[in-house]
1. Where in region B:131-151 does the label zone of A:Glu18 land, with the point 7 angstrom along Cα→C-beta and an amide N cut-off under 15 Å?
2. Within 10 Å of each candidate Cβ there may be at most 14 other Cβ atoms; applying that plus a DSSP loop requirement, which chymotrypsin sites (Phe, Trp or Tyr not before Pro) in region B:1-67 survive?
3. How far, in degrees from 0 to 90, does helix B:69-90 lean away from the longest principal axis of the Cα atoms of chain B, to the nearest 10?
4. Can you list the residues in region B:35-57 whose accessible area drops by at least 40 Å² when all protein chains are present, compared with the chain alone? Use a 1.4 Å probe, heavy atoms only.
5. For B:Asp3 and B:Leu120 in the same chain, what is the full-extension length gain: residue separation times 0.36 nm, less their Cα-Cα distance, in nm?
6. How much mean residue ellipticity at 222 nm does chain B get from its helices, if each DSSP H run of length 4 or more adds -39500 (n - 2.57) and you divide by all residues, to the nearest 500 deg cm²/dmol?
7. Return the value, in Å² to the nearest 100, of accessible area buried between chains A and B (probe 1.4 Å, both sides summed).
8. Determine the per residue accessible area of region A:3-52 with all protein chains present and a 1.4 angstrom probe, expressed in square angstrom.
Amino acid sequence: MKCEEIQGLILTDYADGEIGPETRPEIEEHIRICGTCRQLEEAMRRDAREPFKSVMKELPPAYIFERVKQAIASAPKDKNDILENVRALAGQIFLPFVKIPRPVVAFAAGAMVIVAIVIARPIGEIRAVDQYLGEQASFMASLDTADTNGEGMFDTYIKTGAEKFV
Amino acid sequence: MTDISDELIRKAAQGDMAAFEKIYKATSGFVYNVVLRIASNRSDADEITQDVFVKVHKSLDRFGFRSSFKTWVYRIAANTAINHCKKAARQDQGKVEYDPAVHDIAIPGDAMAQFDDQKLAAQKVTSLLQVLDPDQRACIVLREMEELDYKTIADTLQINLNTVRSRLKRARQKLIAEGRKE
């Protein structure tokens, strides 16, 4: 390994014991023979690690828990809380679906739509219904057009006679 | 940290304050130390610690029992402290205090000389941490003071392992540069 790589490890994995036992001897040997890397390792220990080791842990002041209790007791049960509850409930209900992979959900949804269409429109009736709807659409489209002078189909029938529609 | 059972968490989530107090007692030590070192200022640390436990209480019913409870609390503590520091920096309200209060430091017997050493050590750490940005500070505190491994730091801060490495590396380069000035 080159010095740059060794120095990166001195500042991270080597110092923090995150390095494998197979790599450690190589770094230790490099530090022994390379003055620059040795100096970095010493500075690392002295300036970046030891100061933190000599600090005692502290306890929080006793009044903090009293303040926490007061804050919890005085927390308003407002609209946000209700929304939070609704969100949490929705989360519980939909959690099983969230765990299913998206392509599977999409496929299942598509299949359900196709089945719903097939059930709603029996195959034998589809053509007859389409034909009927097509005729009705043509009829409606001809209403109130230039052919009827804007008078509507019934008025035109009265004026021009039934033969127009024969 | 004393073990916190799932049952205790469930009870606290249902509003049992005695259960919540047990959770507070088991976790407030490390929460306070993490927050104090990231915030670097005692009055902010008090306020942030309070905020952390209000958030913990409010979110207990959403704790999924899938991850470690300690990591979950560390995450709330570190993120709350980091966000506070970033907000304070934006508002230019960042301030440094060297005030290790006498009442809360664990002093063995009457060893005042040792206490003075402690005071100096705490001041040195506070000034060193000030040269780091809040993200780097959180990584250093979790690694050096809480002795968490890289994976736990990554889980706590919700960052990947290489980000943990790069933040530690840059932070330590800054700390070494600071040491050379002295």
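1. Within reach of a label on A:Glu18, which here means backbone N under 15 Å from a point 7 Å along Cα→Cβ, region B:131-151 contributes B:136-151.
2. Details: sites: B:Phe20, B:Tyr24, B:Phe30, B:Tyr32, B:Phe53, B:Phe63, B:Phe65; in loops: B:Phe63, B:Phe65.
Sites meeting the loop and neighbour criteria: B:Phe65.
3. Long axis of B:69-90 versus the principal axis of chain B: about 50 degrees.
4. The answer is B:Asp46, B:Gln50, B:Val54 - residues whose exposure falls by at least 40 Å² when every protein chain is included.
5. Values: separation 117, 0.36 × 117 = 42.12 nm, distance 3.33 nm.
Extra length from B:Asp3 to B:Leu120 when fully extended: 38.8 nm.
6. Details: 8 runs with 125 residues, N = 182.
After summing the helix terms and dividing by the residues of chain B, the value is -22500 deg cm²/dmol.
7. Numbers: alone 14160 and 10710 Å², together 20990 Å².
That pair of chains buries around 3900 Å² in total.
8. Values: 2610 Å² over 50 residues.
Ligands and nucleic acids excluded, the figure is 52 Å² per residue.
The values are calculated or read from the model by the stated rules, or taken from the named source; none is laboratory data. Bear in mind the structure is a predicted one, so any value in this text is a computation, not a measurement. When we count neighbours, we look across all protein chains shown, and the Cβ atoms used for this are built from the backbone with ideal geometry, even at glycine. We work out accessible area using only protein heavy atoms, side chains counted, and drop any ligands, DNA or RNA first. Shrake-Rupley method; radii C 1.70, N 1.55, O 1.52, S 1.80 Å.
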